[in-house]
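Student: This is the structure, below, for whatever I ask next.
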Amino acid sequence: MLGGVPTAFRPLRHRDFRLLWTGLAISLVGSGLWLVALAWQVIELGGGPTQLSLVTALFSVGLLAFVLIGGVAADRLPQRLVMLAADLIRAAVLLVLGLLSLSGDLGIWHLAVGGSLIGAGEAFFIPSYTALLPHLLPEDELLAANGLEGTLRPLAELAAGPALGGIAVAALSPGVAILTGGLAYLVSAGCLLIMEVRPRKAQPANGDPGVAAVFSDLREGFRYVRRTSWLWATLLFALALVLFIIGPLEVLLPFAIRDNLGGGAEDYGLALAAFGVGGAVGALAISSGRLPRRYLTVMILMWGLGSLPFAVIGVAGALWVMCAALLVVGATYSAAMVIWGTLLQRRVPEGLRGRVSSLDFFVSLALMPVSMAIAGPAGAAFGITAVFVVAGVVPVFLALAAIVVPRLDRDELAHPLDHPESATVKGLSGSPQNE
């Protein structure tokens, strides 16, 4: 605690960061509302797992198609304006979809197109948010700000938003919930509008604003990842993990609740809320102490072993069992993400950090549309229970392979992160020992 303010909350002393953080919180609640409203809107229109797979897959396609461009925009344009445009576009999409729902003119194809536009907005918003933080805070408060975001995101997007969405759908209609999500994005845009900071436009490192320079910068980032074992091993593992878990979580979970438990929208909202609360608890827990010396092993095992409760979800006969399983999954996944974020900050050279972060985002999302697209048909062909069991068991073996094959156990001991000075020197040296 410094100056009477807990260290983790020191960034909130700055007015513009408070506005940014508030806007982010409200927009994340809007995203959570949309998640629940979308699932029950598809069901209300007579759709099933396959139709919901299509809509959610197109959201991921929009996100994946624009994430690298969003990273370039964050480096070349005023980040606040990029975020503002992303909020306004997402607000307009949800307001139109909500009005169509209430008027009875909404079709599943409207949701599919709208989902892809919302995904594109997300692809521009996230990189610009990350790039804007250094303009708002001193360097020694950036880690605390990232910790606040790591706690906020699951609470707002996966707890408060889905819970409110479930209530809105159950008490009113999916259309009202969708409209509320659109209003949340408008409030977020208002927070951005009244911020005082006007960050100057960032210039490309080589001073060349041309398209060729953009592709050259991206190639350099790819080359660095390819020759750095802890990066490519983790990214390949994340690629496979996304394939096995995202589809069951976002497509099949509402049908598991409906078909296995006889539950409704409010139960689905509670289940997602448990996942979000677990994420917040996990982020706070891992941030409260020092990073483990075996940070790569712990991180990957958290993702791998943390997937086992998915098998429990597939066979659960009570809502509280599903919620407990999702609480564990959320806690382990979020804690691992905190470790991963610290890795990118400490072990990637500063001049490559932005590109590596955008490539991390891109690679991690590459199979998300595939996972969402096949989850519904897989559930129909093999049963929802079987899909959840596979999603829980397979990542354990993938995690072991990701640790053993590239010998990450040796790498983490050679580059300790519990001694920041030594880790920073090694991370910036560019020596083969860091690869």
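The values are calculated or read from the model by the stated rules, or taken from the named source; none is laboratory data. Note that the coordinates shown come from a computational prediction; the quantities given were computed from them, not determined experimentally. In this analysis, Cβ positions are derived from the backbone assuming ideal geometry, glycine residues included, and neighbour counts consider all displayed protein chains. Remember, those area values only see protein heavy atoms, side chains included, never the ligands or the DNA or RNA. Shrake-Rupley method; radii C 1.70, N 1.55, O 1.52, S 1.80 Å.
Student: Please give the helices (runs of 4 or more DSSP H) falling wholly within the stretch 133-228 in which 3 or more residues are surrounded by 13 or more Cβ atoms within 10 Å (Cβ to Cβ), at pLDDT below 70 and of a type in the set (A, V, I, L, M, F, W, C).
Tutor: Details: elements: 142-155, 161-171, 174-193, 211-226.
By residue number, 142-155, 211-226.
Student: On to the next question. For residues in the stretch 68-107 being among the aliphatic types (A, V, I, L, M) and surrounded by 24 or more Cβ atoms within 10 Å (Cβ to Cβ), which is nearest to Ser31 (Cα to Cα)?
Tutor: Leu94
Student: Inspect all residues belonging to the stretch 260-271 and state whether any of them is within 30 Å of Ser173 (Cβ to Cβ), assigned to a loop (DSSP other than H, G, I, E, B) and open to solvent by 60 Å² or more (accessible area, probe 1.4 Å).
Tutor: For the stretch 260-271, residues within 30 Å of Ser173 (Cβ to Cβ), assigned to a loop (DSSP other than H, G, I, E, B) and open to solvent by 60 Å² or more (accessible area, probe 1.4 Å): present.
Student: Of all the residues that make up the stretch 239-259, how many are open to solvent by 20 Å² or more (accessible area, probe 1.4 Å) and of a type in the set (Gly, Ala, Ser)?
Tutor: Counting residues in the stretch 239-259 that are open to solvent by 20 Å² or more (accessible area, probe 1.4 Å) and of a type in the set (Gly, Ala, Ser) gives 1.
Student: Quick one: is Ile89 part of a helix (DSSP H, G or I) and either at pLDDT 90 or above or over 30 Å from Gln51 (Cα atoms) (or both)?
Tutor: Taking the combined requirement at face value, the residue satisfies it.
Student: From the list Thr56, Thr7, which residue is modelled with pLDDT under 80 and surrounded by 21 or more Cβ atoms within 10 Å (Cβ to Cβ)?
Tutor: The unique qualifying residue is Thr56.
Student: Right, another one. Tell me, yes or no, whether the stretch 288-302 has at least one residue that is at pLDDT 80 or above, out of contact with any Ser or Thr (no Cβ under 6 Å at 6 or more places or on another chain), under 26 Å from Ala37 (Cα atoms) and of a type in the set (Lys, Arg).
Tutor: Within the stretch 288-302, not a single residue is at pLDDT 80 or above, out of contact with any Ser or Thr (no Cβ under 6 Å at 6 or more places or on another chain), under 26 Å from Ala37 (Cα atoms) and of a type in the set (Lys, Arg).
Listed here are the residues, each with its yes/no results for (1) closer than 29 Å to Gly165 by Cα; (2) without any contact (Cβ under 8 Å) to a residue 60 or more places away in the chain.
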| site | (1), (2) |
| --- | --- |
| Val242 | yes, no |
| Pro248 | yes, no |
| Pro254 | yes, no |
| Leu261 | yes, no |
| Ala280 | yes, no |
| Ile286 | no, yes |
| Arg293 | no, no |
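Student: Shifting gears a bit: Provide a single number: the residues in the stretch 272-294 that are surrounded by 23 or more Cβ atoms within 10 Å (Cβ to Cβ) and either closer than 11 Å to Thr332 by Cα or of a type in the set (Phe, Trp, Tyr) (or both).
Tutor: Residues that pass the stated criteria total 6.
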